[in-house]
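All remarks here apply to the structure that follows.
The values are calculated or read from the model by the stated rules, or taken from the named source; none is laboratory data. This one's a predicted model, so the numbers in the text were calculated from it and none came from an experiment. Glycine also receives a Cβ, built like all others from the backbone with ideal geometry; neighbour counts cover every protein chain displayed. Ligands, DNA and RNA are excluded from the accessible area calculation, which covers all protein heavy atoms including side chains. Shrake-Rupley method; radii C 1.70, N 1.55, O 1.52, S 1.80 Å.
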Amino acid sequence: MLANEQVQDGLCWRCDNEVVLKELSQWYLRITDYSDQLLDGHSQLGEWPERVLALQKNWIGKSHGARAKFQVDGSSDEIEIFTTRPDTLFGVTFVTIAAQHPLAAKLCKGDSVSKLEEIKKLVALKKGNDANPEKNGFFTGSYAVHPLTGEKVPVWVGDFVVMDYGTGAVMAVPAHDERDFEFAKKYNLPIKLVIQRDGEKLSEPLEAAYTDSGILVNSAQFSNSASEAAKMAIASELEMQGKGKATIQFRLRDWGISRQRYWGNPVPVIYCTDCGPQMVPEKDLPVTLPKDIEFLGVTGNPLEKHPTYKHAPCPKCNKPATRETDTMDTFVESSWYYARFTDPTNDKAPFNKAAADKWLPVDCYIGGVEHACMHLLYSRFFHKVLRDWGYLSGDEPFKRLLTQGMVIKDGAKMSKSKGNVVTPASIIEKFGADTARLFSLFAAPPEKDLDWNDKGVEGCFRFAGRVWRLFQTFHTTLATTQELPPNELPDDLLTVRRKTHWMIAKMTEEIETHKYNTAISAAMELVNEVYSLMDKSIKSFETPAGKAVVYEAVKNLILCLAPFTPHLCEELWAEMGHKSMVSTAAWPAHDPKMLVASSITLVVQVNGKKRALIAMPAGVSETEVRKTVEAHADVQRFVAGQPIKKFIYVQKNNLVSIVV
Ligand code: ANZ
Ligand code: ZN
């Protein structure tokens with residue numbers, strides 16, 4: 001839609017220079033039509049950070065309240081106000097309007113006319129600068145009539161009332177609103193108590209606004225009712241008398257997409273003096289930007305100055321007409337690119353519905369929290385519109401959202417402007433790309449801020465070296481394919497083997513949930529375990545069982561570390577004799593029976609002699625224990641087909657005793 005944006009003359013609130021802005025005709029997308037859906041959709045976003053949902057909710061800003069009309073005394077004009085507290089209607093002692101309110105000039109009498117000009121400039125100055133909390137205003141000289149009591153109340157202009165929210169006018173209730181209280185105190189305006197605290201009573205004069213709920217007083221037939229109930233009752237009374245109604249107000253504004261600059265997609269519109277604004281017909285799309293454009297010395301949009309771009313025939317009557325030179329906000333295209341990825345080579349349409357339906361919603365979307373109220377809201381809006389137009393299905397574009405933290409160095413956000421940037425190149429040069437990558441993933445979970453420290457980088461470099469040396473120590477074993485380790489292992493080797501399977505399980509789970517730092521810790525633990533046995537008795541690894549255990553450990557270590565230190569792992573994988581790359585190898589699976597934390601090793605005796613060690617998940621039932629034990633090859637060998645006379649399971653000792 002096309003709408004005019006009110007841009008005031010005034011002073012720049014940043015630099016104090018006089019700025020004279022013309023009224024701009026701009027293109028908007030009516031995102032406000034989707035305010036409710038954008039809020040309700042949050043119930044489908046259980047895998048989004050709470051914080052982002054809270055930011056969006058606040059940005060959309062749904063307020064339940066009422067509108068009420070105050071007639072201007074001695075005129076047919078009406079000042080409509082928006083309030084979230086219709087229960088306080090009887091406490092109105094004045095009305096405050098924004099300086100840009102359409103009735104402001106008309107209401108100003110005598111010397112208030114010049115005050116209005118003054119305050120408009122001040123408002124322009126304050127725009128976007130909430131640091132100055134002091135409220136200013138003046139009496140217009142006009143009065144408004146209270147819609148229910150018929151009482152006359154003065155109309156003031158106040159710089160804290162903004163034109164682009166609600167109606168740009170408020171009913172001032174100083175007894176129950178902080179801003180109105182402050183304003184009334186400053187300008188000596190009456191304060192009328194209409195909500196009494198339920199409990200220890202408030203006494204007048206009030207020391208501050210009482211903003212909680214309570215019981216109505218001084219409110220005609222509504223006195224003695226509870227304020228929550230009175231909200232509806234008073235709104236209904238206004239409606240019955242044709243002086244107002246209950247409404248919902250959103251803070252969300254329509255999305256202005258017009259930009260007066262060269263880059264960006266052209267807004268595909270042609271203005272004809274006879275036919276008005278016309279959309280460029282589909283056959284003429286896309287409108288492409290001219291390449292022969294002059295930037296130097298041009299102020300404003302260079303497309304305006306281009307010799308031919310602006311001129312185009314009217315699509316309807318073919319008479320010479322003028323092309324829109326505004327381009328679109330770049331957020332427009334980033335609002336649907338995720339859908340284009342489902343069908344990127346399609347040259348007939350943005351994407352095909354079947355492809356979009358097959359892939360969407362995006363399983364996991366990663367982006368900074370700074371996108372909460374812009375990109376992430378716009379994309380959700382586009383998705384809903386595209387759904388309503390039949391281009392795709394589903395209500396939401398991104399199932400899960402991961403907002404990555406910032407990199408902090410010496411207590412400040414790492415940024416070029418702060419000059420505290422550690423470039424990847426400098427780490428790569430000194431330590432290699434694997435260390436750079438490993439440290440980034442190891443230093444913090446991705447959604448948390450990462451505190452940069454050089455010691456951490458060195459630690460990661462040392463770890464990579466430890467892996468390398470570990471491999472070289474067992475090079476011969478690792479370059480020769482080994483069998484799986486036997487089920488029966490000495491305790492020290494069993495510990496390493498369990499650690500291997502624990503690492504696979506842990507890394508699989510942690511990578512799934514993006515906890516890369518703890519995934520890497522698991523690999524470190526395995527490496528420590530192997531080194532510790534090497535220190536104790538390197539001989540343990542020289543037996544066939546030991547070789548099988550170290551082979552299993554290092555092979556899985558390489559597979560699991562490959563996403564974190566790809567260069568190192570590809571190298572080692574090749575040294576193992578593999579012909580294809582580790583990045584194309586299958587992700588390993590752990591053996592659940594090997595899980596240390598949740599597994600036990602049963603000692604099985606047959607006729608009083610230890611015959612088998614069987615790893616089992618902890619906490620399984622006796623029936624399952626018996627089934628596994630009886631099926632075990634070593635047990636069967638010693639039972640040798642004889643009937644089992646006794647089967648005793650001593651759970652607390654992890655012991656099974658079989659008598660045949
Ligand atoms: C009377 C009143 C009495 C109010 C009371 C509050 C407390 P939210 O919750 O943000 O929607 N208001 C309305 N339009 C405004 C504008 N254009 N500029 C500045 N303030 C405006 O806030 C709604 C409240 O903000 C409204 O309810 C109105 O003050 C004020 F005890 O009306 B209230
Ligand atoms: Zn025309």
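Is it the case that Ala562 is free of Cβ contacts under 8 Å to residues at least 24 places away in the same chain and open to solvent by less than 20 Å² (accessible area, probe 1.4 Å)?
Considered against the rule, which asks whether it is free of Cβ contacts under 8 Å to residues at least 24 places away in the same chain and open to solvent by less than 20 Å² (accessible area, probe 1.4 Å), Ala562 comes out as yes.
Mind checking whether some residue in the stretch 260-271 is within 16 Å of ligand 2 (Cβ to nearest atom) and in a loop (DSSP other than H, G, I, E, B)?
Yes: one or more hits.
Evaluate the stretch 505-513: report whether one residue or more is of a type in the set (Gly, Ala, Ser) and within 30 Å of Arg400 (Cβ to Cβ).
Scanning the stretch 505-513, I find at least one residue that is of a type in the set (Gly, Ala, Ser) and within 30 Å of Arg400 (Cβ to Cβ), so the answer is yes.
With under 22 Å from Trp255 (Cα atoms) and either free of Cβ contacts under 8 Å to residues at least 40 places away in the same chain or surrounded by fewer than 16 Cβ atoms within 10 Å (Cβ to Cβ) (or both) as the only criterion, which of Asp347, Asp395 stands out? If you could, list the steps in order and put the result at the bottom.
On the way: Asp347 fails: under 22 Å from Trp255 (Cα atoms).
Of the residues listed, the single one that is under 22 Å from Trp255 (Cα atoms) and either free of Cβ contacts under 8 Å to residues at least 40 places away in the same chain or surrounded by fewer than 16 Cβ atoms within 10 Å (Cβ to Cβ) (or both) is Asp395.
Only one of Gly419, Gly368 is open to solvent by 40 Å² or more (accessible area, probe 1.4 Å) and not basic (Lys, Arg); which?
Sole residue among the options that is open to solvent by 40 Å² or more (accessible area, probe 1.4 Å) and not basic (Lys, Arg): Gly419.
Contact list please: Cβ distance under 6 Å, first residue in the stretch 135-164 and hydroxyl-bearing (Ser, Thr, Tyr), second residue away from ligand 2 (no atom under 16 Å from the Cβ) and assigned to a loop (DSSP other than H, G, I, E, B), pairs at least six apart or on different chains.
Pairs that qualify, where the first residue is hydroxyl-bearing (Ser, Thr, Tyr) and the partner is away from ligand 2 (no atom under 16 Å from the Cβ) and assigned to a loop (DSSP other than H, G, I, E, B), are Thr140/Cys108; Tyr143/Asp73.
Quickly run through the stretch 307-323 and pick out the residues that are more than 8 Å from ligand 2 (Cβ to nearest atom) and either open to solvent by 70 Å² or more (accessible area, probe 1.4 Å) or closer than 10 Å to Pro277 by Cα (or both).
The answer is Pro307, Thr308, His311, Pro313, Pro320, Thr322, Arg323.
For Thr623, which of the numbered conditions (1) open to solvent by 50 Å² or more (accessible area, probe 1.4 Å); (2) at pLDDT 95 or above; (3) more than 30 Å from Ile511 (Cα to Cα) fails to hold?
Thr623 satisfies all of (1) open to solvent by 50 Å² or more (accessible area, probe 1.4 Å); (2) at pLDDT 95 or above; (3) more than 30 Å from Ile511 (Cα to Cα) except (2).
When the stretch 73-109 is examined, which residues are found to be open to solvent by 10 Å² or more (accessible area, probe 1.4 Å) and β-branched (Val, Ile, Thr)?
Thr83, Thr84, Thr93
I'd like to know if the stretch 316-332 contains one or more residues that are in a helix (DSSP H, G or I) and away from ligand 1 (no atom under 16 Å from the Cβ).
Yes, because at least one residue in the stretch 316-332 is in a helix (DSSP H, G or I) and away from ligand 1 (no atom under 16 Å from the Cβ).
Could we say that Thr96 is under 21 Å from Ser213 (Cα atoms) and more than 16 Å from ligand 2 (Cβ to nearest atom) here?
No, not satisfied.
Is the stretch 485-504 home to any residue that is within 23 Å of Pro566 (Cβ to Cβ) and open to solvent by 70 Å² or more (accessible area, probe 1.4 Å)?
No, that holds for no residue.
Could you tell me whether any residue of the stretch 260-277 is among the small types (Gly, Ala, Ser) and either within 16 Å of ligand 1 (Cβ to nearest atom) or open to solvent by less than 40 Å² (accessible area, probe 1.4 Å) (or both)?
yes
Which of the numbered conditions does Leu21 fail, given that it passes all the others? Conditions: (1) open to solvent by 60 Å² or more (accessible area, probe 1.4 Å); (2) within 34 Å of the chain's Cα centre (by Cα); (3) modelled with pLDDT under 95.
So Leu21 meets the others, but not (2).
If we keep just the residues of the stretch 132-166 that are open to solvent by less than 50 Å² (accessible area, probe 1.4 Å) and within 7 Å of ligand 1 (Cβ to nearest atom), which is farthest from Ala235 (Cα to Cα)?
Phe160
Could you say which residue among Leu252, Leu216, Leu238, Leu202 is open to solvent by less than 40 Å² (accessible area, probe 1.4 Å) and in contact with a Pro (Cβ under 7 Å, 6 or more places away or on another chain)?
Leu238
If you scan the stretch 526-536, which residues turn out to be β-branched (Val, Ile, Thr) and open to solvent by 10 Å² or more (accessible area, probe 1.4 Å)? I'd like the intermediate steps shown before the answer.
Here is the first cut: in the stretch 526-536, the residues β-branched (Val, Ile, Thr) are 527, 530.
Hits for the stretch 526-536: nothing passes.
Residues of the stretch 193-235 being part of a loop (DSSP other than H, G, I, E, B) and either without any contact (Cβ under 8 Å) to a residue 12 or more places away in the chain or among the acidic types (Asp, Glu) (or both), which ones?
So in the stretch 193-235, the residues part of a loop (DSSP other than H, G, I, E, B) come out as 193-194, 197-214, 217-219, 223-225.
Of everything in the stretch 193-235, those that are part of a loop (DSSP other than H, G, I, E, B) and either without any contact (Cβ under 8 Å) to a residue 12 or more places away in the chain or among the acidic types (Asp, Glu) (or both) turn out to be Asp198, Gly199, Glu200, Lys201, Leu202, Ser203, Glu204, Glu207, Asp212, Ser223, Asn224, Ser225.
Kindly indicate which of Pro286, Pro205, Pro302 is more than 16 Å from ligand 1 (Cβ to nearest atom), modelled with pLDDT under 95 and under 30 Å from Leu148 (Cα atoms).
Of Pro286, Pro205, Pro302, the one residue that is more than 16 Å from ligand 1 (Cβ to nearest atom), modelled with pLDDT under 95 and under 30 Å from Leu148 (Cα atoms) is Pro205.
Within the stretch 294-303, work out how many residues are open to solvent by 30 Å² or more (accessible area, probe 1.4 Å) and touching a residue at least 24 places away in the same chain (Cβ under 8 Å).
The qualifying residues number 2.
If I ask for residues that are within 34 Å of the chain's Cα centre (by Cα) and within 15 Å of Asn654 (Cβ to Cβ), which ones from the stretch 565-604 would you list?
The answer is none; no residue qualifies.
Taking the options Phe351, Phe382, name whichever one is in contact with a Ser or Thr (Cβ under 8 Å, 6 or more places away or on another chain), assigned to a loop (DSSP other than H, G, I, E, B) and away from ligand 2 (no atom under 16 Å from the Cβ). It would help to see each step written out before you state the result.
Values: Phe382 fails: assigned to a loop (DSSP other than H, G, I, E, B).
On inspection, the qualifying residue turns out to be Phe351.
Please go through the stretch 626-659 and pick out each residue that is over 20 Å from Glu488 (Cβ atoms) and open to solvent by less than 40 Å² (accessible area, probe 1.4 Å).
Hit for the stretch 626-659 is Phe647, nothing else.
Taking Ala523 as the residue in question, decide whether it is among the small types (Gly, Ala, Ser) and open to solvent by less than 50 Å² (accessible area, probe 1.4 Å).
Working: among the small types (Gly, Ala, Ser): yes; open to solvent by less than 50 Å² (accessible area, probe 1.4 Å): yes.
Yes: the conditions hold for Ala523.
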